[in-house]
1. Go through segment 137-220 and tell me which helices (runs of 4 or more DSSP H), entirely inside it, have 1 or more residues that are assigned by TED's automatic domain parsing to the domain that holds residue 127 and polar (S, T, N, Q).
2. Could you count how many residues in segment 31-53 are among the aliphatic types (A, V, I, L, M), more than 14 Å from residue 96 (Cβ to Cβ) and at pLDDT below 85?
3. Just need a number here: residues in segment 38-89 that are more than 25 Å from the chain's Cα centre (by Cα) and in a helix (DSSP H, G or I).
4. With surrounded by 13 or more Cβ atoms within 10 Å (Cβ to Cβ), in contact with a Ser or Thr (Cβ under 7 Å, 6 or more places away or on another chain) and either at pLDDT 95 or above or not polar (S, T, N, Q) (or both) as the only criterion, which of 138, 130 stands out?
5. Out of all the residues in segment 57-82, which are surrounded by fewer than 18 Cβ atoms within 10 Å (Cβ to Cβ) and either under 19 Å from residue 42 (Cβ atoms) or in contact with an Asp or Glu (Cβ under 9 Å, 6 or more places away or on another chain) (or both)?
6. Within segment 176-202, take every residue that is among the hydroxyl-bearing types (Ser, Thr, Tyr) and surrounded by fewer than 17 Cβ atoms within 10 Å (Cβ to Cβ) and give me the one that is farthest from residue 149 (Cα to Cα).
7. Kindly list the number of the only condition in (1) modelled with pLDDT of 95 or more; (2) under 20 Å from the mean Cα position of the chain (by Cα) that fails for residue 209.
8. Considering each of 179, 125, 143 in turn, give the residue that is among the hydrophobic types (A, V, I, L, M, F, W, C) and modelled with pLDDT under 95.
Amino acid sequence: MLQDWFRFSIVAALALAFHAIGATASVAQQWPTRPVRFVLPFGPGSGADTGARLITEKLQQKWGQPVVIDGKPGGDGLLSLGAVVSAKDDHTFFFGPSSIFVVQRYVPEVRKGDKRIILVDGKAVGGINRVPAEGEARSNLHVGGRPEPLDLSPRDRAICEAIGPELKARGLIFAGIDVIGDYLTEINVTSPTGIQELKRFGGADGAAAIWDAIEAKAAK
């Protein structure tokens, strides 16, 4: 819906609320001292762009400074967020639809591989290790990650036993979790990859296990 695109991110909303609505006269005189830039994760004509431009005129009148709309689409929003972070000033803000951004600490053990463990109806059926290509931080198979056979460690099994019952309770028959080192980093529930490689390396037939689970539920 169009109105969804008009909702600010937390950063932009706080900035606007503080400076445009709740600022005292003394604060208003001190800020802004130069043009204010709103960086958007979408291009011209998008809902976010339209929403930003709808308030630009009033903000310029309020602040006495130009407001620049800077659309930087691409990279699932990373380009625009990177522009805001690299600006390192209080006149550049992220402006976009409300959303959730996950900032994940880099785990050096990823150089040894990112484990993909397949769970069917809450139970681990096996997994593979995906080793990143040279010069690449991502280990995804579609970007050149190299699959390797994997024996689940006690830590891997403990993670599966901890989250498996919840996955089953939510009706998630087919899930693939990612484990780097000792850390669970992702739970993938939209057609996770890895079952073909698992079978090719002599492991369980994940596809058969999935259909067995579906048929068992259907028979109840």
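The values are calculated or read from the model by the stated rules, or taken from the named source; none is laboratory data. Computed from a predicted structure; not experimentally measured. A quick note on method: Cβ atoms are made from the backbone with ideal geometry, for glycine too, and the neighbour counts reach across all protein chains shown.
1. Hits in segment 137-220: 195-200.
2. Residues that pass the stated criteria total 0.
3. Residues in segment 38-89 being more than 25 Å from the chain's Cα centre (by Cα) and in a helix (DSSP H, G or I): 11 in total.
4. Criteria check complete, one pass: 130.
5. Listed by number, the residues that qualify are 68, 69, 70, 73, 74, 75, 76, 78, 79, 82.
6. Out of the qualifying residues, it is 190.
7. Here residue 209 meets the rest and fails (2).
8. One residue alone meets the criteria, 143.
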